[in-house]
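Below you'll find the structure, written out as structure tokens, and then a few comments.
The values are calculated or read from the model by the stated rules, or taken from the named source; none is laboratory data. On a predicted model such as this, the values are computed, not experimentally measured, just so you know. Here Cβ is always computed from backbone atoms with ideal geometry, including for glycine, and neighbour counts include all displayed protein chains. Areas reflect the complete protein model, heavy atoms only, side chains present, ligands, DNA and RNA absent. Shrake-Rupley method; radii C 1.70, N 1.55, O 1.52, S 1.80 Å.
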Amino acid sequence: VLAVVLGSMSEPSPSAGQVRGLTAIDGIRVGHHTLAERPTGCTVILAEAGATGGVDVSGGAPATRETDLLRPENLVQQVHAVVLSGGSAYGLDAASGVMRYLEERGVGYPVRSGIVPIVVGASLLDLGLGGNARPSADCGYRAAKAASGAPVTEGNVGASAGATVGKLLGIEHAMKAGIGSFDLALPSGLQVAALVAVNAVGDIVDPATGEVVAGVRDAEGHLADARRLLRQGVDRRPKPPTEGRDNTTLGVVATNARLTKVEATKVAQMANDGFARALYPAHTPGDGDIVFVLATGSHDGEVDLTVLGALAADVVAEAIVRSARAATGVLGIPALSDLRKPKIPER
């Protein structure tokens, strides 16, 4: 069964719907690499011409790289890549491969001895799902080499190959999620898009309907609704203590707006509201939730930061919902498409 599952992961299906996702923003390319050993991998977002970066870390258990560099008071203004990976803190090694890829192409911050590619990143915790293999520098290099401006491939690929949601009662009650991506464009030419690797403690909730689309399941395999469980006072203490803590949702928002680092940071803060709209609960002590922002600056019109931040939250929430709809089941963990449909009575 494992060989069949991993074999299907090597040839991911096209994106659901007619959405380009993050690559709708000119200058942004996305690549995935999924490990053959088990469901895990990395996703690389390239901005080789440089993009103003911002970040907001709101979860209680982050595994991050170079986020201090994105603080508005610090020197470097432009980011060349964002790396998202599985493997918890081990997966941060993937960024080294992306640095090598960019250095080979002369992309980086100029210093006396050459260049230093500016690569930021974060990892989610998927250790133990099908083994202990984790993304390395080679994973990052391969994902960067595969990056393109084609519509983003969603589902069980890259950083989200081993991602799950609905772990309030432990992994045996969880469901599969994956990569989701979505984009919006205004008549003015302003664009904003998001890519999210969803690996949350909580449920995925569609903000448009209020319905749970993936999350914690009851003993019969049906959606239990984390909102209801928590209000009933369910005992969710993991047994053993580490069970059900394979968490963290990672997001990247890209826009063609021209922003300062201060403005990019504010957009990242507002974009994180998309997590709270589409994940319940979000930003928990066991989640390392984080949103990066990349602003390419190709749009020469004025930008209302309130509008841009609101739209950023919208595309993040939509990308989260898409991550559930694009996912497929793996290693006995079902996806939305696997849930038993309620039997319709005969007329």
- Item | Cα-centred dipole magnitude for the range 57-210, charges only on beta-carbon of K, R (+1) and D, E (-1), debye, nearest 20 | 340 debye
- Only Lys, Arg (+1) and Asp, Glu (-1) charged, at Cβ; the range 200-337 dipole about Cα centre in debye: 360 debye
- Message: With a 1.4 Å probe and all protein chains kept in place, how do ASP289, ASP314, ASP26 rank by accessible area, largest first?
- Response: ASP26, ASP314, ASP289
- Considering only protein heavy atoms and a 1.4 Å probe, what is the carbon-and-sulfur percentage of the accessible area of the range 113-183? 54 percent
- Which residue, VAL213, VAL316, VAL293, tops the fluctuation ranking in a GNM of the chain built on C-alpha contacts under 10 Å? VAL213
- Helix 261-271: angle to the longest alpha-carbon principal axis of the chain, degrees 0 to 90, nearest 10? 10 degrees
- Task: Choose one answer from ALA161, ALA147, ALA185: the residue with the largest mean-square fluctuation in a GNM of the chain with alpha-carbon springs under 10 Å.
- Result: ALA185
- Amide H partners (placed H, <5 Å) of GLY60, local residues excluded: THR284, GLY286, ASP287, ASP289
- Going by alpha carbons, how many degrees (0 to 90, nearest 10) lie between the helix axis of 305-326 and the longest principal axis of the chain? 40 degrees
- P(r) for the range 54-160: what percent of alpha-carbon pairs falls in each 10 Å bin, starting at zero? 14, 42, 35, 9, 1
- If you take every DSSP beta bridge whose two residues both sit in the chain, what share of them, in percent to the nearest 5, is antiparallel? 80 percent
- Rolling a 1.4 angstrom probe over the protein heavy atoms, how many square angstrom per residue are accessible across the range 157-311? 37 Å²
- Message: Taking 10 °C and 1.306 mPa s as the conditions, I'd like the Stokes-Einstein D for the range 295-342 in µm²/s, using the Kirkwood hydrodynamic radius from alpha carbon pairs.
- Response: 115 µm²/s
- When the chain is modelled as a GNM with alpha-carbon springs shorter than 10 Å, which of SER123, SER136, SER113 fluctuates the most? SER113
- Query: What's the Cα-based Rg to Rh of the chain, Rh via Kirkwood?
  - Reply: 0.97
- Task: Can you give me the three principal axis dimensions of the range 204-340 from its C-alpha atoms, in Å, biggest first?
- Result: 55, 30, 28
- Normalised per residue, the volume of the convex hull around the Cα set of the range 131-276 (Å³): 168 Å³
- Query: For the chain, how many pairs of lysine residues have a Cα-Cα distance under 30 Å, where the two are 8 or more positions apart or belong to different chains?
  - Reply: 9
